[in-house]
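Step one of this worksheet: look at the structure below.
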Amino acid sequence: MEQAIHPLAAHIQAVKRRLLIIGATVLGALLLTFSFSAEMVAWLNRPFSNQLAFYGPTEALFASIKVSLLAALLLSLPVIFYQCWKFIEPALLPKEQRWAIPLFVVAGGLFALGLVFCNVVILPLVIDLFVSFGLDRDITPQLSVGTYIDFNVKFLLIFGCAFELPLAMTLAAMTGMASAHTFARYRKHAILICLIVSAVVTPDATLFTMLLMAVPLMVLYEIGILGARLFGRKPDSGGIDLPLDPDLPINTAGTRVR
């Protein structure tokens, strides 16, 4: 029993230590980015020409903290990925370790690409549409800074996570969980799921914003099929796992042998 508890306690301590490092890094980055919160709010306010307003004593403060926290998380991504990598590194085989760092780099790049695409393409379209709708009816727009920043941050995070879809599909194909043929066969189901997910996660439940989310998801799904076809496990290949020696015993955790 003591032999079983000791490794578990060591793992818990390792998790706590790495979470503390990540937390301290994010906090330090937050202190840095908060000093530029006014510039970041002004950057997000580009599609809306009018001055933002606040209707509560703390609204402007929390809006600045929210946008600063998003920037702090982005700045902390290398440390977050590194700590995750160092935690799982001992459990990986040498061949798997060679894949890990490129996968972390690709994951970070896709997340950043999703943020850029949302900020440059999606948000200006959405904000211009809704503001123009009110102006056409002689309604003067006076947006709250808290509501406006919350709307922007939600869209940015949703698109950042959505752009990880091709990587997730490629990894599923590399590990043998699915194949490009399987993804292609269930394309119609995937389109329906994209529409449902878009209707659920978008901040407002309008058809326009749902399609702005669903169409990129469908394109990303097709890119994921391509990635699965290029990098997925072939029928006569062992994928990224190392070949096993038939003379070595099979342990309780599976058939992988170092």
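Brief remarks on what is shown
- Comparison of 139, 158 shows that the only residue that is under 30 Å from residue 232 (Cβ atoms), among the β-branched types (Val, Ile, Thr), open to solvent by 20 Å² or more (accessible area, probe 1.4 Å) and out of contact with any Leu (no Cβ under 9 Å at 6 or more places or on another chain) is 158.
- Subset of the range 133-163 [within 13 Å of the chain's Cα centre (by Cα) and not aliphatic (A, V, I, L, M)]: 154, 155, 159, 160, 161, 163
- Checking each residue of the range 123-132 against the condition of being open to solvent by less than 80 Å² (accessible area, probe 1.4 Å) and under 18 Å from the mean Cα position of the chain (by Cα) gives at least one match.
- Any chance residue 52 is touching a helix residue (DSSP H, G or I) at 6+ places or on another chain (Cβ under 6 Å) and either open to solvent by less than 60 Å² (accessible area, probe 1.4 Å) or farther than 13 Å from residue 148 by Cα (or both): yes
- Scanning the range 6-41 for residues that are modelled with pLDDT of 90 or more, hydrophobic (A, V, I, L, M, F, W, C) and either open to solvent by less than 40 Å² (accessible area, probe 1.4 Å) or assigned to a helix (DSSP H, G or I) (or both) yields a count of 15.
The values are calculated or read from the model by the stated rules, or taken from the named source; none is laboratory data. From a predicted model like this one, the values you see are computed outputs, not experimental measurements. Backbone-built Cβ (ideal geometry, glycine too); neighbour counts: all protein chains shown. Remember, those area values only see protein heavy atoms, side chains included, never the ligands or the DNA or RNA. Shrake-Rupley method; radii C 1.70, N 1.55, O 1.52, S 1.80 Å.
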